[in-house]
Amino acid sequence: MALGDAGTSRLARSTAEGACALRAAGRTLRPPLPRNPDHLASSFIAPGLKATALVKLPILRGLSPRVFERILPGAIWFELARTIHMDRVLREEVAAGATQAVLLGAGLDSRFYRLDFGAAKLFEVDHPVTGAIKDERLEALFGGRPEEVTYVRIDFNTEDLAQRLGAHGFDPAARTAILWSGVTPYLEPRGVEETLRWFAAGTGPGSSICFDYIFREVIEGDVSSYGARELVERVTKGGEPFRFGIPEGAAEEFVKSFGLELEEDLGPDDAEYEILEGHGRPYGFGGLALVRQPL
């Protein structure tokens, strides 16, 4: 499956809403537990008779963390850690001099609508099908897509990412901060590799890309880590099993093959004790990588 196939699949659309629902559920956690910072998440969930809409019902949404944790152990805590971490990374990268910010595979990400990135140019990149869904939510929330956000609709199977971004004013020589959240596990390896090659050749010195990934061992059948068995069963039943992973401990070697530098690689223990300060147990089978273009 190439990068574009992930955008057109039913799973990709449901995954985008599923992650959004987990963020919304994380908003209901009560102190001393940390709350998910995405205060817009529930507004991006469409109403209806489906599990994700639970977070929109005032009487029931307080139960949603326990419901999600029972169905997918570790999911709500992983999404909380990922959101906190990627919010921080993007804010810090822009503060450090990135003049462009990109949400690659934007889904129902709300960062550009709830955080201030000053004068940085903001680009959301996703398939037209996903973009149309998001446009409906933005219309309901804001009366349309805010003009400071540029949406780049692309079919990765037939269109070139660099060309599509360039046509929308993206500067390949500028320092850029990219978030790539919840995408890599569903891609064929070549889809991940093509994107990292684009990043290496098509962004300016000092640019960064932050992405999450699962351990290759899970794809090879090891589901002993916390939450692995339940999640693997769920995505496989949905017809789109995980396809890409990095062997545990091998992220630095992997990104070096593209001429890139691994600046940070947070594993499950880091997410649990550094980001969540021991308040919850996230998935036990993946990492959060921050990769940089050499200066």
### Query
Between R243 and R35, how many nm apart are label points set 7 Å from Cα along the C-beta direction?
3.9 nm
### Summary
Around L262 (Cβ within 13 Å, Cβ-to-Cβ, excluding L262; K/R +1, D/E -1) the net charge comes to -4
### Task
Only bridges with both residues in the chain count here: give the DSSP antiparallel percent, nearest 5.
40 percent
### Query
Which residues does a label at V223 reach in segment 155-193, if reach means a backbone N under 18 Å from a point 7 Å past the Cα toward the Cβ?
185-186
### Message
Two decimals, Cα atoms only, Kirkwood Rh: what is Rg/Rh over segment 94-134?
### Response
1.01
#### Entry: Paired Rg and Dmax values of segment 98-246, which use every Cα atom, in angstrom
16.6, 47
### Separation of the E194 and A173 label points, Cα + 7 Å toward Cβ, nm
2.8 nm
### Query
Quick one: Cα centre-to-centre distance for segment 167-181 and segment 257-288, in angstrom?
24 Å
### Message
At 7 Å along Cα-to-Cβ for each site, give me the label-to-label distance between E147 and D135 in nm.
### Response
1.8 nm
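Here, each number is a calculation from the coordinates, and none is a lab measurement. Model, not experiment: these values are computed from the prediction. All Cβ positions, even for glycine, are placed from backbone atoms using ideal geometry, and neighbour counts span all protein chains on display.
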